[in-house]
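One structure below.
The values are calculated or read from the model by the stated rules, or taken from the named source; none is laboratory data. Fair warning: this is a prediction, and the values are worked out from it, not measured in the lab. For neighbour counting, all protein chains shown are included, and Cβ atoms are generated from backbone atoms with ideal geometry for every residue, glycine included. Heavy atoms of the whole protein, side chains included, go into the accessibility calculation; ligands, DNA and RNA do not. Shrake-Rupley method; radii C 1.70, N 1.55, O 1.52, S 1.80 Å.
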Amino acid sequence: WNKEFKIASKINIHKMEWTLDYEDLKVNPLLKSSGQQEINKLKKEYGIKIPSLTGDCFMQKPFWKETNKLVLKDLLNDLKDICIASNKMGIKIIVIPIVDNGAIENKTQKNNLLSLLLSSVDFFRKLNLMILFECDFEPKETSCFISQFPEDVFGINYDTGNSASLGYCCDEEFKEYGDRIKNVHIKDRLKGGSTVELTRGDADFKKIFKNLRSINYKGNLIMQTARAKDGDHEKALIKYKHMIENWIGER
């Protein structure tokens, strides 16, 4: 992981989004003082910022689905530790994916998520964190869901590939909850399928970027793009970066 800073700087990428998996969570460098020191050294050396974090760990072990009180306590302590570490490292955004294994399946799970997170609003505010949901609800349901959370602390992480896979219309998505989008993941997926190279799937990037301009979006664009089939990930990222810059510049 520490080699990625030099590579990113070389190809003129100066922001990264940290990803946390539940496996080996306790020894992730973000959560250890020695790791934090190394991250800060690398950030300074290569001019890299880490403004956001994707908590795949929450999707892998969703606290809103846990019925065992002792396990739930441990999962919430993990959330607390991640928030404190993020604050120390200058991370302002934590993405909670409520998709795949973390997808909300019933009203009880939705109410659990609401109550558990709303009870921590003051904690998030104190740490100057935004909690963003990446969800698979239809646009109107997403709008209804996010409206239950205060705007200064909670928002939406918009994933272009996931929306394409689900067959959602980006015009409708931005109409329903565009004002709550605070972070964007750029990827492409086939409808009902997996991640593919940008423009090889069903994401309409010209329309997506038109909508981003319509809401005057100033947040980050995080590449979660398909990995290079030939293993030359640097070349693939440079290609994708140029594509995204062209979409940004179009009018």
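General remarks:
- Of all DSSP-defined beta bridges confined to the chain, some 10% are antiparallel rather than parallel.
- Per residue, the chain exposes 53 Å² of solvent-accessible protein surface, assessed with a 1.4 angstrom probe and all protein chains in place.
- In the chain, the inverse of the mean reciprocal separation of distinct Cα atoms equals 18.9 Å; this is its Kirkwood hydrodynamic radius.
- Cα-Cα over 23 Å, subset of 65/187; 32/218; 26/235; 10/229; 6/218; 69/107: 65/187; 32/218; 26/235; 6/218
- Size of electric dipole in the stretch 160-251: Cβ of Lys, Arg +1 and of Asp, Glu -1, about Cα centre, debye, nearest 20: 140 debye
- Largest to smallest in accessible area, the residues 185, 14 fall in the order 14, 185 (1.4 Å probe, all protein chains included).
- Loop sites in the stretch 1-59: GluC sites (Glu not before Pro), DSSP, at most 12 other Cβ within 10 Å: 23
- Span from the the stretch 195-251 Cα centroid across to the the stretch 11-38 one, whole angstrom: 24 Å
- Magnitude of the charge dipole, the chain, Cβ model with Lys/Arg +1 and Asp/Glu -1, debye to 20: 800 debye
- Cβ-based charge dipole, the stretch 161-235, positive-most Cα from 199, 217, 167: 217
- What the Cα convex hull of the stretch 1-59 gives, in volume per residue, is 78 Å³.
- Across the stretch 1-105, the convex hull enclosing all Cα atoms gives 100 Å³ per residue.
- Measuring nothing but alpha carbons in the stretch 115-218 and taking Rh as the Kirkwood radius, the Rg to Rh ratio lands at 1.00.
- Projected area, mean over directions - the stretch 171-249, Cα convex hull, nm²: 5.4 nm²
- Calculated on the Cα set of the stretch 178-221, radius of gyration then Dmax: 11.4, 30 Å.
- Charged-residue dipole, Cβ positions (Lys, Arg, Asp, Glu), the stretch 94-191 about Cα centre, Debye nearest 20: 240 debye
- Summarising the label geometry, the points placed 7 Å from Cα in the beta-carbon direction at residue 76 and residue 27 lie 2.9 nm from one another.
- Accessible surface of the stretch 85-242 [probe 1.4 Å, protein heavy atoms]: carbon and sulfur percent: 45 percent
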